[in-house]
Amino acid sequence: MALLEACGLSKTYGQGRLRVEAVRDVSLSVEAGEAVALMGPSGCGKSTLLGLVGLTLAATSGTVAVNGAPAPVEERKRARLRNEFFGYIQQDLAIVDTDSVAGNVTVPLEYARPRVGRRQRLRRAYEAVGGVGLGWAFRRRASRLSEGERQRVAIARALVNRPSVVIADEPTAALDVATAQEVVTLLLSLREHGASLLVATHDPRVAARCDRVVAMEDGREVEVAEGSPSRVFVASGDE
């Protein structure tokens with residue numbers, strides 16, 4: 001049984017001549033401990049698909065199952081499942097510059113159920129920040145960090161709730177080559193802590209280091225076989 005499984009997902013915006021099919025009939029699964037890359041050019045639907053499988057967007061059609069159970073429809077239940085099951089690394093990082101590293105990383109714990117006390121929130125946040133090599137910056141304001149350090153803060157925040165799946169949207173897009181490789185190594189190491197990784201990227205160097213690549217084009221997907229980047233399988237819905 002897949003840890004996360006999507007079947008026939010589609011997302012349409014607008015109507016009539018303004019109708020846009022951002023994602024069309026995409027099926028995707030993520031196994032426990034697996035790193036899966038969504039690869040494709042800007043505008044191909046990668047970010048929308050991440051939102052659908054990560055339950056931050058509602059699908060026009062199709063289903064998502066988490067641990068074998070259908071994802072809830074009610075927003076309150078979806079929000080609780082998002083906070084318990086997923087860790088998110090957004091493309092713009094969503095770091096609050098005026099807050100400290102500690103303040104940024106503890107945010108997911110403030111919505112955890114059952115509630116986590118302040119002392120425990122800080123302890124878990126410090127462990128997460130230390131795990132990405134930023135223990136020295138725990139009390140430092142986020143605006144004083146480099147771009148690579150801010151990326152590590154975003155990773156620590158994604159990990160602080162000990163998620164089953166980490167969803168990362170173009171996590172290396174704004175980084176130089178050396179820093180990008182360090183961040184990818186850190187992301188892939190999450191599997192050692194029991195987390196799976198679903199990452200959207202346009203960088204073939206990032207995709208090559210994942211266990212499996214799902215290439216997207218015009219809202220649809222073609223799957224690349226593990227260890228055989230030249231072999232492409234056309235997924236259901238493509239011609």
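Could you tell me what percent of the accessible area of the chain is made up of carbon and sulfur, with a 1.4 Å probe and every protein chain present?
Values: 5960 of 12180 Å².
Answer for the chain: carbon and sulfur cover 49 percent of the accessible area.
Using only the Cα atoms, work out Rg/Rh for the stretch 1-84, with Rh taken as the Kirkwood radius, to two decimals.
Values: Rg = 13.2 Å, Rh = 13.5 Å.
Result for the stretch 1-84 is an Rg/Rh of 0.98.
If you roll a 1.4 Å probe over the heavy atoms of the protein chains, what accessible area per residue do you get for the chain, in Å²?
On the way: 12180 Å² over 239 residues.
Accessible area per residue, the chain: 51 Å².
So what is the 222 nm mean residue ellipticity for the chain from helices alone, if each DSSP H run of at least 4 adds -39500 (n - 2.57) and you divide by all residues, rounding to the nearest 500 deg cm²/dmol? Please list the in-between numbers first.
Values: 8 runs with 72 residues, N = 239.
Here the helix-only value at 222 nm equals -8500 deg cm²/dmol.
Work out, in µm²/s and without decimals, the Stokes-Einstein translational diffusion coefficient of the stretch 159-204 at 4 °C, 1.567 mPa s, Rh from Kirkwood over C-alpha pairs. If you can, show how the numbers build up before the last one.
Numbers: Rh = 11.1 Å.
Rounded to a whole number, D works out at 117 µm²/s.
What's the percent breakdown of Cα-Cα distances in the stretch 124-209 across 5 Å bins, shortest bin first?
3, 14, 28, 25, 19, 9, 2, 0
Run through the DSSP bridge list for the chain and note the antiparallel percent, rounded to the nearest 5. Before the final figure, lay out each step's value.
Working: 24 of 42 bridges.
If I count the DSSP bridges inside the chain, around 55 percent turn out antiparallel.
Can you give me the distance in nm between label points at LYS77 and ARG209, each placed 7 Å from the Cα along the Cα-to-Cβ direction?
According to this spin-label approximation, the distance is 3.9 nm.
Averaging over every viewing direction, what projected area does the convex hull of the Cα atoms of the stretch 77-131 cover, in nm²? Please list the in-between numbers first.
Working: hull surface 17.5 nm².
Average of the hull's projected areas for the stretch 77-131 equals 4.4 nm².
Computed from the coordinates I sent, Cα Rg over 2.2 N^0.38 Å equals one of (1) 1.01; (2) 1.10; (3) 0.94. Tell me the label.
(1)
The values are calculated or read from the model by the stated rules, or taken from the named source; none is laboratory data. As the structure is a computational prediction, the values presented were derived from the model and not from experiment. All Cβ positions, glycine included, derive from the backbone under ideal geometry; neighbour counts span all protein chains shown. For the accessible areas, the whole protein counts, side chains as well, though only heavy atoms, and no ligand, DNA or RNA atoms are used. Shrake-Rupley method; radii C 1.70, N 1.55, O 1.52, S 1.80 Å.
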